[in-house]
Amino acid sequence: MQYVGKLKVEVGIWNILWHLILWTILGIITLGFALLLFPYSIYKLVINKTYLINPESGEKIAQFRCNLNILHQVWHVLIWYLLIILTLGLALPFYIYYLVKFVLNKTELKPLRE
């Protein structure tokens, strides 16, 4: 198997701080309803700041891009929260795994140079 490269995540403390401030404000304004989408936003932030690095030169080869929009997120949340309520919480552990799968399935690897 050929070694292509390694991943580097460039999420800094300021990215995280502004992200938390934004979602706190959104949570207050929407009385907490926006926080249902917060896990999707966390994954999207990290994925969009992830690069594929050339192991020999150390330069960035490609960037991961998560193409998740608000409509995808709302439908996914509604379906899973309904399942969680109907199963009295038994679906929650499955939701956590399917959330990661859902976000990664909406992710592409875009080359930085054509």
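Summarising the label geometry, the points placed 7 Å from Cα in the beta-carbon direction at ILE96 and TRP23 lie 1.5 nm from one another. Here are some values of percent of Cα pairs over 26 Å apart: (1) 13; (2) 51; (3) 32. Which one was computed from this structure? After the calculation, the listed value that fits is (3). Near ILE47: Cβ cut-off under 12 Å, other residues only, Lys/Arg at +1 and Asp/Glu at -1. The net charge is +3.
Among residues other than GLU59 with Cβ under 14 Å from its Cβ, the summed charge is +2 (Lys and Arg +1, Asp and Glu -1).
Between VAL11 and any residue 5 or more places off or on another chain, the built amide H atoms are never under 5 Å apart. Modelled spin labels at LYS8 and LEU71, positioned 7 Å past Cα toward Cβ, are 3.7 nm from each other. Only lysine pairs 8 or more places apart, or on different chains, with alpha-carbon atoms under 14 angstrom apart are counted in the chain, and they number 9.
Each reported figure results from applying straightforward, stated rules to the coordinates on display, with no laboratory input. As the structure is a prediction and not an experimental result, all values here were calculated from the model. Neighbour counts are summed over all protein chains in view; Cβ atoms, including those assigned to glycine, are modelled from backbone coordinates with ideal geometry.
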